[in-house]
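Asks: Following this message is one structure expressed as structure tokens.
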Amino acid sequence: MLGVSALLGSACNETGQYVQQQEAEMLSLQEERARREELERRLTEETLRREEIISAEVKLREKRSQQTSQQSRPLTRYLPVRNKDFDLVLHIESSGHNIDGCPHVMMTSSTCRGYLSKMGSKFKKWNRRWFVFDRKKRSLLYYSDKSENKPRGGIYFQAITEVYVDHLHTGRSPNPKLTFCVKTLDRTYYLQAPTPEGMRIWVDVIFTGAEGYQEFMP
């Protein structure tokens, strides 16, 4: 009887140990499954977060692209004009500009003169220059002063591709609302007029000579 009892006790112990072992294994499997589910959840969240970031970046790039496209589009309904009988004063007045209200802009039927501030290409400093737009010479030249003794530089009409207001402030002008750009085949000139109306006049004046404009058909 004692032997049978001992055997039964041993069997019970082994059964208990086996049950405990099974329970431990089940608990371990459950914990492993929980860890995997947690990792999958985190991976899903991270994937969604990255997709949102990428989507936001794409939208931002599209918005910037649209803004750049709007900026690069000349702010005038007129195309360059080669007609020798073209009257610059009549053209500007018919565009709604008040020439008499801008004493710093001097115009004739074929020329426009006045002081503009120009950003230097090398040191990026702003310097006051006397500009002369001449339809007969087909050029936009600038001088140190209105004596026009010797030009410091200039642009020929065929090199001017675009003229637009610097809405994106790419020129880092001290007066962004008065700044406009003259884009050529080689570089972009950043110019600043004394007044907003003066800036609009210069934009429309120079664009009449923008023979490098991509949509211009001579």
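Asks: Quick one: which residues, 5+ away or cross-chain, put their amide H under 5 Å from the amide H of E162? H built at 1.01 Å from N.
Replies: Result for E162 returns K183.
Asks: With every protein chain present, what accessible area does D85 have (1.4 Å probe, heavy atoms only), rounded to the nearest 10 Å²?
Replies: 130
Asks: Something else about it: Work out Dmax and Rg for region 100-218 from the C-alpha atoms and quote the Rg first, both in angstrom.
Replies: For region 100-218, the Cα radius of gyration and maximum Cα-Cα distance read 13.3, 37 Å.
Asks: Using a 1.4 angstrom probe and counting only protein chains, how large is the accessible area of E93 in Å², to 10?
Replies: 90
Asks: Can you work out the Karplus-derived ³J(HN,Hα) for every residue in region 87-95? Use 6.51 cos²θ - 1.76 cosθ + 1.60 with θ = phi - 60°, whole Hz, and x for glycine or proline.
Replies: Running phi through 6.51 cos²θ - 1.76 cosθ + 1.60 with θ = phi - 60° gives 9, 5, 5, 4, 5, 5, 5, 6, 7 Hz.
Asks: What is the set of long-range amide H partners of I155 at a cut-off below 5 Å, with H atoms built 1.01 Å from backbone N?
Replies: Amide H to amide H, under 5 Å and 5 or more residues apart or across chains, I155 pairs with L140, L141.
The values are calculated or read from the model by the stated rules, or taken from the named source; none is laboratory data. This structure is a prediction, so every number in the text was calculated from the model and none was measured. Just the protein is used for accessible areas: all its heavy atoms, side chains included, with ligands, DNA and RNA removed. Shrake-Rupley method; radii C 1.70, N 1.55, O 1.52, S 1.80 Å.
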